1. Could you tell me how many of the residues in the range 8-52 are touching an Asp or Glu at 6+ places or on another chain (Cβ under 8 Å) and at pLDDT below 50?
2. If a residue has to be at pLDDT 85 or above and outside any strand (DSSP E or B) to count, how many in the range 56-79 make the cut?
3. Do we have any residue at all in the range 80-95 that's small (Gly, Ala, Ser), surrounded by 17 or more Cβ atoms within 10 Å (Cβ to Cβ) and at pLDDT 75 or above?
Amino acid sequence: MKRILAGVSIVLLAACAHVEPAGDGQLFDALDDNQDGMVTMEELGSEDLVVETEEDGHKEVHQADDAQPAGSASTMTFEQKRKLLEDIDSNRDGSISRPEWNRASPDGYMLWKF
């Protein structure tokens, strides 16, 4: 019985690894201007992004034209965008892939610590 449960758990974990958060997938697609599956510094730098600080101190990145939930929001500077790319770009190739993006936003929101 334990082996069956362990096997089922592994299958479920493997299946979940391919699930893409709905809200953040839209932001990734919007940032990926040429739709090559990568977000470069040029693409990230050309977008109007804001950082919203929630009451609990968490920060979320949104497009400037998105409806903003309660909290304080400020426009991201180029330097903040560069830092965001560096923090998410785990293989250091100078761009953000969808898997890197999804690892940075496991619950569907881009949460980031400055």
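The values are calculated or read from the model by the stated rules, or taken from the named source; none is laboratory data. The model shown is predicted, which means the values in this text are computed figures rather than measured ones. Using ideal geometry, Cβ is built from the backbone for each residue, glycine included, and neighbour counts are taken over all protein chains shown.
1. So the answer is 1.
2. Counting residues in the range 56-79 that are at pLDDT 85 or above and outside any strand (DSSP E or B) gives 4.
3. Looking only at the range 80-95, we keep the residues that are small (Gly, Ala, Ser), and these are 90, 94-95.
Applying the additional criterion that residues be surrounded by 17 or more Cβ atoms within 10 Å (Cβ to Cβ) yields 95.
Filter once more, keeping what is at pLDDT 75 or above: 95.
Yes, the range 80-95 contains at least one residue that is small (Gly, Ala, Ser), surrounded by 17 or more Cβ atoms within 10 Å (Cβ to Cβ) and at pLDDT 75 or above.
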